[in-house]
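S.K.: Pasting a structure here, questions to come.
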Amino acid sequence: MAALQTSTLDAMKNNQAQLLNDWTHRLEANGATRNLKEQDLKQQTTELLHLIVSGLESGNGQNVAAPGWDEIRLFLEKLSHSRALLGQDSHQTASFIFSLKGPMFSMLQNHYQDNPALLAEQLWEISELLDALGMHTIRTFQKSREAVIKRQQEELLELSTPVVKLWDGVLALPMIGTLDSQRTQVVMESLLQRIVDTGSEIAIIDITGVPTVDTLVAQHLLKTVTAIRLMGADCIISGVRPQIAQTIVHLGLDLQGVVTKANLADALKLALTRLGLSVNKAG
């Protein structure tokens with residue numbers, strides 16, 4: 001197997017300024033600098049080229065998975081994570097590495113213009129190295145992007161299940177959208193925690209914004225109601241529209257004595273009554 005020549009490494013060290021300049025121009029032409037500050041781009045290109053030269057100079061070979069390339073892998077992982085947070089896609093992120101090929105190849109052509117065989121060999125070695133670095137960058141970018149998406153989904157779940165204090169001792173949880181296992185878990189955790197924090201005696205779950213109620217949705221509701229009762233509080237389900245009531249009857253679902261109301265106003269009125277309170281119009 002061919003190896004990278006010492007002469008190639010010397011050429012890289014002696015032409016770093018030109019390589020960085022040509023690399024930056026290619027990145028700008030490819031649109032890979034979107035959302036990036038000029039100073040950040042300069043720092044990243046300079047550091048990566050330095051790490052490549054250092055890795056090769058230390059005799060670590062060209063297997064980027066080897067222990068000798070730990071530092072550059074860590075750099076690429078941080079780079080991928082930062083690009084994911086900036087909203088860049090995998091193509092833009094990978095272009096940061098692959099755009100270095102052009103300047104490298106031009107440098108090698110000038111350096112080995114009198115030795116075509118050695119030029120072809122060194123072009124292959126550099127191409128293999130940059131391909132490996134680019135693929136590592138893509139893999140870490142995908143992991144970072146998946147982590148960002150997962151965190152955003154969790155935040156959206158929390159935002160879509162706000163627990164509202166309607167009165168002293170009365171909490172309300174307006175549900176919007178479809179209930180699934182993950183969302184039910186978030187609902188239970190947030191609602192039970194608010195019951196503990198506020199010492200509320202009654203929780204109202206409003207399903208006006210839930211499009212359909214099937215067996216699975218009913219099971220999730222019952223789990224939430226059971227958990228609320230175990231906390232020593234009572235639960236009322238409001239927003240049971242005629243269509244939902246018919247569906248529950250047709251499915252033969254048993255809500256096990258759960259109190260239901262047609263709308264949130266009726267549920268709040270019942271909750272206040274249970275607390276021994278009443279609301280009257282001012283005379």
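S.K.: Filter the range 148-175 for residues that are modelled with pLDDT of 80 or more and under 25 Å from the mean Cα position of the chain (by Cα) and give the result.
M.R.: Listed by number, the residues that qualify are 162, 163, 175.
S.K.: Also, I was wondering about something else. Here is a list of conditions, (1) under 18 Å from residue 140 (Cα atoms); (2) open to solvent by less than 40 Å² (accessible area, probe 1.4 Å); (3) in a loop (DSSP other than H, G, I, E, B), and residue 69 meets all of them except one; can you say which number that is?
M.R.: So the condition that residue 69 fails would be (3).
S.K.: Within the range 89-111, is there a residue that is open to solvent by 70 Å² or more (accessible area, probe 1.4 Å), over 26 Å from residue 29 (Cβ atoms) and assigned to a helix (DSSP H, G or I)?
M.R.: Looking for residues that are open to solvent by 70 Å² or more (accessible area, probe 1.4 Å), over 26 Å from residue 29 (Cβ atoms) and assigned to a helix (DSSP H, G or I), one finds none in the range 89-111, hence no.
S.K.: Take residue 208 and decide whether it is surrounded by 13 or more Cβ atoms within 10 Å (Cβ to Cβ), of a type in the set (Val, Ile, Thr) and over 13 Å from residue 258 (Cβ atoms).
M.R.: When the stated conditions are applied, residue 208 passes them.
S.K.: Now a separate question. Taking only the range 221-268 into account, find how many residues are more than 16 Å from residue 211 (Cα to Cα), among the basic types (Lys, Arg) and touching a residue at least 12 places away in the same chain (Cβ under 8 Å).
M.R.: 2
S.K.: Assuming residue 84 fulfils every condition listed in (1) in contact with a helix residue (DSSP H, G or I) (Cβ under 9 Å, 6 or more places away or on another chain); (2) open to solvent by 30 Å² or more (accessible area, probe 1.4 Å); (3) assigned to a helix (DSSP H, G or I) apart from one, which condition is it?
M.R.: Residue 84 satisfies every listed condition except (2).
S.K.: Say we look at the range 15-32 and pick out the residues that are among the small types (Gly, Ala, Ser) and part of a helix (DSSP H, G or I); which of these is nearest to the chain's Cα centre (by Cα)?
M.R.: 29
S.K.: Just name the residue that is surrounded by the fewest Cβ atoms within 10 Å (Cβ to Cβ) out of those in the range 269-283 that are in contact (Cβ under 8 Å) with a residue 60 or more places away in the chain and outside any loop (DSSP other than H, G, I, E, B).
M.R.: Taking the candidates together, the pick is 274.
S.K.: Taking residue 12 and the conditions (1) more than 29 Å from the chain's Cα centre (by Cα); (2) under 18 Å from residue 106 (Cα atoms); (3) open to solvent by 80 Å² or more (accessible area, probe 1.4 Å), which numbered condition does it fall short on, given that it satisfies the others?
M.R.: The one condition residue 12 does not meet is (3).
S.K.: Could you check, for the range 55-66, whether at least one of its residues is modelled with pLDDT of 90 or more and within 32 Å of the chain's Cα centre (by Cα)?
M.R.: No.
S.K.: Quick check on the range 112-127: of everything there that is in a loop (DSSP other than H, G, I, E, B) and open to solvent by 30 Å² or more (accessible area, probe 1.4 Å), which residue is nearest to residue 5 (Cα to Cα)?
M.R.: 115
S.K.: Follow-up. Can residue 145 be described as within 30 Å of residue 79 (Cα to Cα) and out of contact with any helix residue (DSSP H, G or I) (no Cβ under 8 Å at 6 or more places or on another chain)?
M.R.: For residue 145, the condition - within 30 Å of residue 79 (Cα to Cα) and out of contact with any helix residue (DSSP H, G or I) (no Cβ under 8 Å at 6 or more places or on another chain) - is not met.
S.K.: Among (1) touching a Leu at 6+ places or on another chain (Cβ under 9 Å); (2) assigned to a helix (DSSP H, G or I); (3) exposed (fewer than 12 other Cβ atoms within 10 Å of the Cβ), which single condition is residue 35 missing?
M.R.: (2)
S.K.: Can you tell me which residue is modelled with the highest pLDDT among those in the range 188-205 that are under 10 Å from residue 228 (Cβ atoms) and open to solvent by 30 Å² or more (accessible area, probe 1.4 Å)?
M.R.: If we take residues in the range 188-205 being under 10 Å from residue 228 (Cβ atoms) and open to solvent by 30 Å² or more (accessible area, probe 1.4 Å), then 192 is modelled with the highest pLDDT.
S.K.: Please indicate, with yes or no, whether at least one residue in the range 98-113 is farther than 30 Å from residue 11 by Cβ and charged (D, E, K, R).
M.R.: no
S.K.: Residues of the range 215-241 being open to solvent by 30 Å² or more (accessible area, probe 1.4 Å) and out of contact with any Ser or Thr (no Cβ under 7 Å at 6 or more places or on another chain), which ones?
M.R.: Selection gives 215, 216, 219, 222, 226, 229, 230, 231, 232, 234, 241.
S.K.: Related question: How many residues does the range 231-250 hold that are at pLDDT 85 or above and either assigned to a strand (DSSP E or B) or among the polar types (S, T, N, Q) (or both)?
M.R.: The number of residues fulfilling the criteria is 5.
The values are calculated or read from the model by the stated rules, or taken from the named source; none is laboratory data. Just so you know, these numbers come straight off a predicted model, no measurement behind them. All Cβ positions, glycine included, derive from the backbone under ideal geometry; neighbour counts span all protein chains shown. Accessible surface areas use protein heavy atoms only, side chains included; no ligands, DNA or RNA. Shrake-Rupley method; radii C 1.70, N 1.55, O 1.52, S 1.80 Å.
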